[in-house]
Amino acid sequence: VTLPYPTPTSTVVSRVMRGNRKVGTRPELRLRSAMHRLGLRYRIGLAVQAGHVRVRPDAVFTRAKVAVFLDGCYWHACNTHGTRPASNADYWVPKLANNVARDRRVDEALAAAGWTVVRVWEHESAIAAADRVAALVVRAKLGAWARPRL
Ligand SMILES: [Zn+2]
C-alpha cells in the first residue's frame, strides 16, 4: 500500500524531513569519521542481500559481516525523540510503524544470513557508537576465525 505523501504542516516536520535525507547526513558523517579514526575500514553504499531482503546499510564490514545502520530518531521512532506526529497522524503513525517493522525484518534477515547488525541512533555519541562497532567487528572476526572452514 502506497500512501500519498502529505504536505508537511509544520516547520518541525519540514526540518525533520529535510534533515533525514538518505545520503550524507551529519550524524552519519560523524559516525563515519569516528570509525575511521579507530582504524576501522568499511564500505559505504554497498547493497547486502540477505535471503529475500536487499538492504543498503550505512557502513558494511564485508569480511567481518557487520552491517551498521545509523537510524534517524524520527524515521525509526526512537523512544526519546520519536515524536508522535499530531498532524497527518493517519499517514505518519502507520508509516513510522512500518519503518520500525521493516527495521526488525531487516535485522532478522541479516542475522539469519550470518550478519551482525549494529543500529546506532542519530542521538548517540558518535565516538561511543564507533567503539561499539569496533568491539563487534573484532568479535565477528574472531567468530569467523573460530568457525571451521568447510
Ligand atoms: Zn533519539
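We did not get these values from a lab; they are worked out from the coordinates using the rules stated. Quick caveat: nothing in here was measured; it's all calculated off a predicted structure. Because the Cβ atoms are built from the backbone with ideal geometry, glycine has one as well, and the counts that use them run over all protein chains shown.
The table that follows gives values for the structure above.
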| quantity | calculated |
| --- | --- |
| By average C-beta atoms within 10 angstrom, highest first, the peptides 77-83, 27-33 | 27-33, 77-83 |
| Most to least packed among 84-97, 119-132 [average Cβ atoms within 10 Å] | 119-132, 84-97 |
